[in-house]
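We did not get these values from a lab; they are worked out from the coordinates using the rules stated. Because the structure is a prediction, the values reported are computed rather than measured. As a convention, Cβ positions derive from the backbone with ideal geometry for all residues, glycine included, and neighbour counts pool all protein chains shown.
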Amino acid sequence: MSADKVLSQAEIDAMLGGGLPASGEEAASEGAAEPTVPAVVQAPSPQQAAPPPPSVAAVPQPQPEVVRDSELNAQGTQLMLDKMMERLENVGASVERIGQLERAVIESNAAVRQIRLDMQNMANQVQLMSSKVDGILSNLKATVGYRAQKTFTCGSCKTSGNVATRVRCTQCGQENWWGWWPEKK
């Protein structure tokens with residue numbers, strides 16, 4: 001039998017059943033003879049040989065990939081922790097800055113409230129002064145000479161604004177003129 005021969009399923013079944021069927025030519029020449037068992041069983045080729053079983057005394061060695069993975073995991077964890085610490089420091093600085101801004105806003109709000117009070121006080125004072133000025137103007141309008149320079153026009157020469165009146169000192173009785181005269185040319 002050749003080592004390169006391919007067996008059919010029937011031949012494999014016959015071998016397992018105890019005999020090897022004859023090929024088509026051999027079966028015709030031998031007739032109904034019983035199948036024979038091959039005398040020599042071929043050993044598998046070195047390429048087909050199974051690996052030897054592992055030694056019982058061999059101690060398993062740690063895999064370098066596993067060590068590298070754990071080292072990478074530790075390094076990655078440390079990097080992540082470092083980044084988290086940096087971010088926490090940034091958050092802390094931001095919280096402190098927010099606190100400063102809150103204090104500044106509170107101070108600004110207090111200053112704005114004070115300005116509003118001051119402006120309200122000033123508005124009240126302006127209103128009070130305005131009412132006093134209105135009273136003064138009302139009293140002034142009631143005087144004889146009010147707006148005389150602006151409103152007086154002479155009936156004879158038609159000159160406007162040149163008006164005067166005699167006034168007398170009530171202490172000594174001295175009389176004088178008070179008013180506006182034309183410019184001397």
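Odds and ends about this structure:
- Computed E for Glu183/Ser156 - FRET, C-beta separation, R0 22 angstrom, nearest 0.05: 0.70
- When the Cα atoms of region 65-141 are aligned to their principal axes, the ranges along those axes come out at 109, 14, 8 Å in descending order.
- Between Thr77 and Ala148, residue separation times 0.36 nm minus the direct Cα-Cα distance comes to 15.8 nm.
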